[in-house]
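Undergrad: What follows is a structure written as structure tokens; I'll ask about it next.
The values are calculated or read from the model by the stated rules, or taken from the named source; none is laboratory data. Model, not experiment: these values are computed from the prediction. Because the Cβ atoms are built from the backbone with ideal geometry, glycine has one as well, and the counts that use them run over all protein chains shown. Side chains included, ligands, DNA and RNA excluded: accessible areas come from the protein's heavy atoms. Shrake-Rupley method; radii C 1.70, N 1.55, O 1.52, S 1.80 Å.
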Amino acid sequence: MMLLANKSIAPDWAKMVCLALFLGLIPIKFAIADKIVVPNYFDAKERLPIAEVSSIERIRFLTTVDFPPFNFLDQTGRLSGFHIDLAREICIQLNILERCQIQAVEWDEFHTALKQKKGDAIIAGISITDETRAKYSFTRIYLELPARFVTQKGNLISLADLKSNSGLKVGVLKGTAHEAMLRSWYPKSNQIPIDDRKVLFDALKAKDIDVLFGDGLQMSFWLSGKESQDCCIFLGGAHLSRDFLGSGLSIAVEKGDQSLINALNYGLSLITKNGRFDELYLKYFPNGIY
């Protein structure tokens, strides 16, 4: 698989996560996979038609370098990440690895690249909306990004407490979908909107707030990193909402290219059923996000 890359600046927390993954400082917890919820969007009994790939000359995946741990540049400048490995595994399952390429372009170049036949599939977390459906066809979802609650270790708090008028202070990043979701799902909670993520996390560590509600992916890495000082844990399970958080991650192709959609969906189903998706998930999200 050919790997090309361009330059981008990622958030500091994401850079640290990527470096830790690259150096092996974050252990891959295959041994406790039964304790970590791995998402599965394919029914084990579902049998998709075998993809016809003989007519596929090549699949050129397009991505970016600024969405770690999904796509980023490692220490050597090599394009890496969950999406990169996922694309490779799909091609392996379809037995067309030698016909697969992946390259990084700017986000606003995706649509033009497909139209000009400079790429065939976008694996970069494009949201599925009415607007994007008018431009692209999408594969099945392979990952949703949930909202989660986090609280201090030792706090005897339940989700029922948050649904009642308990007076518990619930911090949330101001002006985000998570704030709107919290307001809708937990209207009786004492919500404390804060407009800076670091200040929000620091407030939880200092016990100025009792609970934090936000992006499960970011909080998973924060909990396992040095900045949290091992202060906190997830409270309850994943909160998923397509109204507030979108439909999830899938691969986009040129509108109407059903043969490529079928091939990619078949590849996704195979890596889900043979366990390779679980391995990739645990490699890049060793503490889980659900």
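Undergrad: First select every other residue whose beta carbon is under 15 angstrom from the beta carbon of G167; then total the charges, Lys and Arg +1, Asp and Glu -1.
TA: On the way: positive: K163, K169, K188, K207; negative: D161, D208, D210.
Charge balance near G167 sits at +1.
Undergrad: Looking only at the chain, where both bridge partners belong to it, what percent of the DSSP beta bridges are antiparallel (to the nearest 5)?
TA: So the antiparallel bridges amount to about 55 percent of the total.
Undergrad: State the three equivalent ellipsoid semi-axes of the chain, derived from the C-alpha gyration tensor as the square roots of 5 times its eigenvalues, in descending order and whole Å.
TA: Values: eigenvalues 248, 80, 70 Å².
Sorted largest first and rounded, they come to 35, 20, 19 Å.
Undergrad: Right, next: Can you give the helix-only mean residue ellipticity at 222 nm for the chain, where every DSSP H stretch with n ≥ 4 adds -39500 (n - 2.57) and the sum goes over all residues, rounded to the nearest 500 deg cm²/dmol? Provide the component values of the computation, followed by the final result.
TA: Values: 11 runs with 95 residues, N = 290.
Calculated at 222 nm, the ellipticity per residue is -9000 deg cm²/dmol.
Undergrad: Let me ask something additional. Could you please put S55, S247, S224 in sequence from largest to smallest accessible area, using a 1.4 Å probe?
TA: On the way: S55 95, S247 25, S224 60 Å².
Result of the area sort, largest leading: S55, S224, S247.
Undergrad: Below 8 Å, C-alpha to C-alpha, sequence gap of six or more: please give me the relative contact order for the range 158-202 in percent. Please report the intermediate quantities before stating the final value.
TA: Numbers: 55 pairs, mean separation 20.4, N = 45.
Value for the range 158-202: 45 percent.
Undergrad: Would you kindly state the longest site-free stretch of the chain, with sites defined as GluC sites (Glu not before Pro) in a DSSP loop (not H, G, I, E, B) surrounded by at most 11 other Cβ atoms within 10 Å?
TA: That gives 58-290 as the longest site-free run.
Undergrad: If the cut-off is 17 Å between C-alpha atoms, which lysines fall inside it for K135, apart from same-chain ones fewer than 8 positions away?
TA: Counting by Cα, and skipping residues close in sequence, K135 has these lysines nearby: K115, K117, K118, K255.
Undergrad: How many nm is it between the label spots at K205 and D257, if each spot is 7 Å from the Cα in line with the beta carbon?
TA: 4.5 nm
Undergrad: Right, something else. By the scheme Lys and Arg +1, Asp and Glu -1, what is the net charge of all other residues having a beta-carbon under 13 Å from that of R276?
TA: On the way: positive: R88, K273, K283; negative: D85, E89, D278, E279.
Cβ neighbours under 13 Å give a net charge of -1.
Undergrad: Can I ask one more? G171's amide H: which non-local residues (gap 5+, or another chain) put their own amide H closer than 5 Å, with H modeled 1.01 Å from N in plane and none for Pro or chain starts?
TA: I192, D210, V211, L212, F213
Undergrad: Can you list the HN-Hα couplings for the range 135-141, worked out from phi with the Karplus curve (6.51, -1.76, 1.60; θ = phi - 60°), rounded to whole Hz and with x for Gly and Pro?
TA: 9, 10, 9, 10, 6, 5, 5
Undergrad: If I take R0 = 35 Å and measure r between the Cβ atoms of S164 and S224 in this structure, what FRET efficiency does the formula 1/(1 + (r/R0)^6) give, to the nearest 0.05?
TA: On the way: r = 31 Å, r/R0 = 0.88.
About 0.70, to the nearest 0.05.
Undergrad: Which residues' amide hydrogens lie under 5 Å from the amide hydrogen of D257, considering only partners 5 or more residues apart or on another chain, with H built in the peptide plane?
TA: For D257, the qualifying residues are S137.
Undergrad: Something else now. Please list 3J(HN,Hα) in residue order for the range 214-226, calculated via the Karplus relation 6.51 cos²θ - 1.76 cosθ + 1.60 where θ = phi - 60°; whole Hz, with x for glycine and proline.
TA: Result, ordered by residue: x, 5, x, 5, 4, 6, 4, 6, 5, 4, 8, x, 5 Hz.
Undergrad: Nearest 5 percent is fine: what portion of the DSSP beta bridges confined to the range 59-158 is antiparallel?
TA: Bridges in the range 59-158 are about 30 percent antiparallel.
Undergrad: Which entries of K35/K163; K35/K169; K174/K198 have Cα-Cα distances beyond 19 Å here? Could the numbers behind the result be given before it?
TA: Values: K35/K163 27 Å; K35/K169 29 Å; K174/K198 12 Å.
Exceeds cut-off: K35/K163; K35/K169.
Undergrad: Percent relative contact order of the range 174-290, based on C-alpha pairs within less than 8 angstrom and at least six residues apart? Intermediate values should be presented prior to the final figure.
TA: On the way: 56 pairs, mean separation 31.3, N = 117.
Contact order relative to length: 27 percent.
Undergrad: Let me ask something additional. Relative contact order (percent) for the chain, with alpha-carbon contacts under 8 angstrom and 6 or more residues of separation? Walk me through the numbers on the way to the answer.
TA: On the way: 507 pairs, mean separation 80.1, N = 290.
Here the relative contact order equals 28 percent.
Undergrad: Do me a favour and compute the ellipsoid semi-axes for the range 90-141 from its Cα gyration tensor, root of five times each eigenvalue, largest one first, whole Å. Spell out each step's value before the answer.
TA: Details: eigenvalues 88, 44, 18 Å².
Ellipsoid semi-axes (Å, largest first): 21, 15, 10.
Undergrad: On to the next question. Through the Karplus equation 6.51 cos²θ - 1.76 cosθ + 1.60, θ set to phi - 60°, convert the phi angles of the range 190-202 into ³J(HN,Hα) values in whole Hz; use x for Gly and Pro.
TA: 7, 8, 10, x, 10, 8, 9, 5, 5, 4, 4, 5, 5
Undergrad: Hey, another quick one. Show the residues, 5+ positions off or on another chain, whose built amide H is closer than 5 Å to the amide H of L235.
TA: The list, which skips near neighbours in sequence, is F149, V150, T151.
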